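Structure record follows, encoded as structure tokens.
The values are calculated or read from the model by the stated rules, or taken from the named source; none is laboratory data. Being a predicted model, the structure only gives us computed values, none of them experimental. Virtual Cβ from ideal backbone geometry, glycine too; neighbours counted across all protein chains shown.
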Amino acid sequence: MLQYYDERAPEYDDAYLRGTGTASIRDPSVFQLEATLLGEVVERMARGRVVDLACGTGYWLQYYAQRCSRVTLVDQSVGMLHECDKRIAALGVTGRCSVVRSDVFDYDSSAHDFALVGFLLSHLDDSQEARLFGALRRILGESGRFLILDSAWSATRARFNAKTERQRRRLNNGTEFDIYKRYFDERDVSAWTDKYSVTTSIEHAGAAFLAVSGQFK
């Protein structure tokens with residue numbers, strides 16, 4: 001998985017900007033439109049001292065950086081962080097951003113009011129999901145809030161994918177990777193309430209993407 005994201009980093013944003021690079025819905029406009037809608041959710045919700053977990057290229061930074069007092073961007077991929085550094089510079093927010101190379105599960109800091117988790121959960125199995133919510137609780141405590149952006153399970157998606165599957169992902173240069181992927185619907189989100197002692201609110205549920213805000217009880 002890490003090699004895949006290292007090599008995909010220069011073209012990763014195509015999924016949002018061009019609707020390409022996924023192994024799913026064939027109509028690219030679905031991804032383009034919903035990426036814009038997710039950006040609006042991020043812009044509305046992210047405040048204070050923000051940690052962007054599995055930040056990738058820092059794509060969502062453009063929607064929240066100017067509204068936050070401090071931003072920490074965490075990712076394990078060198079390639080992704082290289083792209084993220086370029087975005088930070090282009091946005092002119094270097095002074096308020098810190099970039100940390102770390103596995104999300106190993107990141108240990110409680111100095112955050114808000115956590116953004118973009119398109120990580122869908123690559124985790126059940127045991128890893130539990131570890132992620134444990135990490136969020138450690139990072140945020142009971143007062144902080146989180147926003148999860150990820151891939152939605154929908155009638156449109158079901159035409160092309162299984163709810164949980166192995167996918168063949170092809171880069172622009174033809175290199176292929178085998179990737180674990182799963183999709184989430186409202187029942188999955190509802191199950192988090194008891195499993196992880198959280199309150200949640202679905203901010204967006206589309207054909208392709210899902211946005212869920214929450215807080216620990």
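Applying the selection to the range 146-176, what residues are polar (S, T, N, Q), in contact (Cβ under 8 Å) with a residue 60 or more places away in the chain and surrounded by 18 or more Cβ atoms within 10 Å (Cβ to Cβ)?
Correct list: S151, N161.
For the list (1) in contact with a Leu (Cβ under 9 Å, 6 or more places away or on another chain); (2) without any contact (Cβ under 8 Å) to a residue 40 or more places away in the chain; (3) under 26 Å from F31 (Cβ atoms), I need the number of the one condition that S110 fails.
That leaves (3) as the condition not met.
Cβ contacts < 8 Å: first residue under 14 Å from N161 (Cβ atoms) and modelled with pLDDT under 95, restricted to the range 20-31; second residue surrounded by 14 or more Cβ atoms within 10 Å (Cβ to Cβ) and of a type in the set (A, V, I, L, M), any location; separation 6+ or different chain. Result?
Qualifying pairs under 8 Å: T22/A15; A23/I179; S24/A208; I25/A207; I25/A208.
Go through (1) at pLDDT 95 or above; (2) in contact with a strand residue (DSSP E or B) (Cβ under 9 Å, 6 or more places away or on another chain) one by one and return the number of the condition R169 breaks.
Of (1) at pLDDT 95 or above; (2) in contact with a strand residue (DSSP E or B) (Cβ under 9 Å, 6 or more places away or on another chain), only one is false for R169: (1).
With the condition being more than 28 Å from G141 (Cβ to Cβ), I'd like the helices (runs of 4 or more DSSP H) fully within the range 1-76 carrying at least 2 qualifying residues.
Where helices (runs of 4 or more DSSP H) fall fully within the range 1-76 and carry at least 2 residues being more than 28 Å from G141 (Cβ to Cβ), they are 2-8, 14-17, 28-45.
Is it fair to say A111 is modelled with pLDDT under 95, of a type in the set (A, V, I, L, M) and either under 14 Å from the mean Cα position of the chain (by Cα) or closer than 24 Å to T72 by Cβ (or both)?
In short, yes.
Given the criteria under 24 Å from T200 (Cβ atoms) and in contact (Cβ under 8 Å) with a residue 60 or more places away in the chain, does V117 qualify?
Considered against the rule, which asks whether it is under 24 Å from T200 (Cβ atoms) and in contact (Cβ under 8 Å) with a residue 60 or more places away in the chain, V117 comes out as yes.
So I88 passes all but one of these: (1) closer than 27 Å to E40 by Cβ; (2) under 15 Å from the mean Cα position of the chain (by Cα). Which condition number does it fail?
That leaves (2) as the condition not met.
Here's a check for you: in the range 177-201, which residue that is surrounded by fewer than 18 Cβ atoms within 10 Å (Cβ to Cβ) and either within 15 Å of the chain's Cα centre (by Cα) or of a type in the set (F, W, Y) (or both) is nearest to T164 (Cα to Cα)?
Y180
Checking A211 against (1) more than 18 Å from the chain's Cα centre (by Cα); (2) not in a loop (DSSP other than H, G, I, E, B), which single condition isn't satisfied?
For A211, the failing item is (1).
Consider the range 66-83. How many of its residues are farther than 19 Å from F105 by Cβ, modelled with pLDDT of 95 or more and touching a Leu at 6+ places or on another chain (Cβ under 9 Å)?
Selection size over the range 66-83: 1.
Given the conditions (1) closer than 24 Å to D52 by Cβ; (2) of a type outside the set (F, W, Y); (3) touching a residue at least 24 places away in the same chain (Cβ under 8 Å), and given that V189 satisfies all but one, which numbered condition is not satisfied?
Here V189 meets the rest and fails (3).
Just a yes or no: is a residue in the range 152-166 in a strand (DSSP E or B), touching a helix residue (DSSP H, G or I) at 6+ places or on another chain (Cβ under 8 Å) and within 22 Å of D13 (Cβ to Cβ)?
No, because not a single residue in the range 152-166 is in a strand (DSSP E or B), touching a helix residue (DSSP H, G or I) at 6+ places or on another chain (Cβ under 8 Å) and within 22 Å of D13 (Cβ to Cβ).
Here are some residues: T72, T36, T22, T57. Which one is out of contact with any Gly (no Cβ under 6 Å at 6 or more places or on another chain) and surrounded by fewer than 17 Cβ atoms within 10 Å (Cβ to Cβ)?
T36
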